[in-house]
Amino acid sequence: MPWGVAALAGVGFWAYTAWQTHQHRKKIEQSFARPDEARSLEVEPEGRLNPFGPVKRSRVVRENEPELPVEPRPEHPPEHPRHLHRRVDLMVEFTASEPIDLARLREVLIAEFRDADNLPMRWYFFDDANNDWELVTLESNGTPHKILAALQLCDRSGPIGEREYLRFIGGAERVADQLGLALGRIDSRTQVLRLAQELDRFCHDVDLQIAINLKPREGTMRGTKVRAAAEAYGMRLDADGVYRLYDDNGAVLFALMDATGEPFIAAEMRVRQVPALTLVLETALIPSAAVFDRMIAFAEKLTKTLEAEIVTDDGAPLSPEALKWLRGQVESSHERMRQFEVPPGGTVAQRLFA
């Protein structure tokens, strides 16, 4: 089911659950899209669909941005890829008495799933040299003995249904037959669909977006001042015209945009007049309420720099009590996520709420 709007009577700022299709939700959602890491289906030169997951891209390393840390080789073989989760992903493992040619596996997968590009699945192989699981891509090579397929049970379009379950399991069984692989345990349709519905309810409860408005006390705000304030705080203007603050690993913490939805264009900021600003974050994608505190501190700094005030949708000043209540919502959402064993801002959350 789609995730609905969280009612906030009398407050007037935006705090939406993210499964809804409201037009304003789309503007907020766009603020968290990574322009340099947009998801896409990988297609071979002949136009064949790659069912292994998104194209592997090298993260763009920008000046003064630290590299992603290199994960150490695990001492003990992990049961499954570490960014998968038993309550989020349906996993099926394959084993072979003889090594599997990854080139042959790719051929079989492309043929089997060419009509199933809507399935949120990925395929992995166990790399004995690294003692860890690796994503199967068009560049993968080798002859592993173990393969694992994973189907994500839910995303912002809702939970998987019987059709997706049967297509995935049926395809996995046919892949095993063609390659002479032994299939591991397969969870029952009833159990998997129950887990998918449970996951969807969980996501509905915790997927909140919080946005606050800044309005100038008089007239409009000069684009040069908006740009200077954003850049001084470490925000980056992305290609879609939204300023974003990133953490050291390249994840979005919060975003700053023109409240009208008009994109900021670097070449036009000298003459730009901004009627109002919106700061926005997604609670599931930040690691702690400290990020909310940073956003509010930045908003308060902007009130001085831009001679503005933090207001409700109706233009009334936003009270400290309302901001305290908002922070409580972030903490409640994060506590619910920890209870569900999905750490806020972690790799599983990044997949679920992408």
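Read-outs throughout are calculated quantities, based only on the coordinates presented, and are distinct from any laboratory measurement. This structure is a prediction, so every number in the text was calculated from the model and none was measured. Cβ: placed from backbone, ideal geometry, glycine included. Neighbour counts: every protein chain shown.
Under 20 Å from a label point set 7 Å out along the Cα-to-Cβ vector of Gln339, the amide N atoms of the stretch 188-222 belong to 195-209.
Mean projection of the alpha-carbon convex hull of the stretch 232-354 over all orientations, in nm²?
The number I arrive at for the stretch 232-354 is 8.5 nm².
Give me the number: length gained by fully extending Glu231 to Ala96, i.e. 0.36 nm times residue separation minus the C-alpha to C-alpha distance, one decimal in nm. Taking Glu231 through Ala96 to full extension adds about 43.2 nm, to one decimal. In this simple spin-label approximation, Glu198 and Thr220 carry label points 7 Å from Cα along the Cα→Cβ vector, and these lie 5.3 nm apart. The convex hull defined by the C-alpha atoms of the stretch 238-288 has an orientation-averaged projected area of 4.3 nm².
If you take the Cα centroid of the stretch 284-316 and the Cα centroid of the stretch 105-154, the two points sit 43 Å apart.
Using r as the Cβ-Cβ distance of Lys324 and Arg86, and R0 as 25 Å, what FRET efficiency do you calculate, to the nearest 0.05?
About 0.10, to the nearest 0.05.
Scanning residues 5 or more positions from Lys146 or on other chains, those with amide H under 5 Å from its amide H are Phe126, with H placed 1.01 Å from N in the peptide plane. For Asp207, the residues 5 or more places off, or on other chains, whose built amide H falls under 5 Å of its own are Ala18. Of the trypsin sites (Lys or Arg not before Pro) in the stretch 189-253, the ones in a loop by DSSP (not H, G, I, E or B) with at most 10 other beta carbons within 10 Å are Arg217. Fully extending the segment from Thr260 to Ala354 would add 31.5 nm, taking 0.36 nm per residue of separation and subtracting the current Cα-Cα distance.
Applying a DSSP loop filter and a limit of 14 other Cβ atoms within 10 Å to the GluC sites (Glu not before Pro) in the stretch 298-335 leaves Glu307. For the stretch 280-292, putting each phi into the Karplus relation 6.51 cos²θ - 1.76 cosθ + 1.60 with θ = phi - 60° gives couplings of 9, 9, 10, 4, 5, 9, 10, x, 7, 5, 4, 5, 4 Hz, in residue order, rounded to whole numbers and with x for Gly and Pro. The slack in the chain from Thr347 to Ala103, taken as 0.36 nm per residue of separation less the alpha-carbon distance, amounts to 85.0 nm.
Convert 25 °C to kelvin, take the viscosity as 0.890 mPa s, use the Kirkwood radius over C-alpha pairs of the stretch 144-227 as Rh, and evaluate the Stokes-Einstein diffusion coefficient in µm²/s, rounded to a whole number.
Using the Kirkwood radius from Cα pairs, D works out to 144 µm²/s.
Shown here: the stretch 94-136, whose C-alpha atoms stretch 33, 20, 15 Å along the first, second and third principal axes, sorted largest to smallest.
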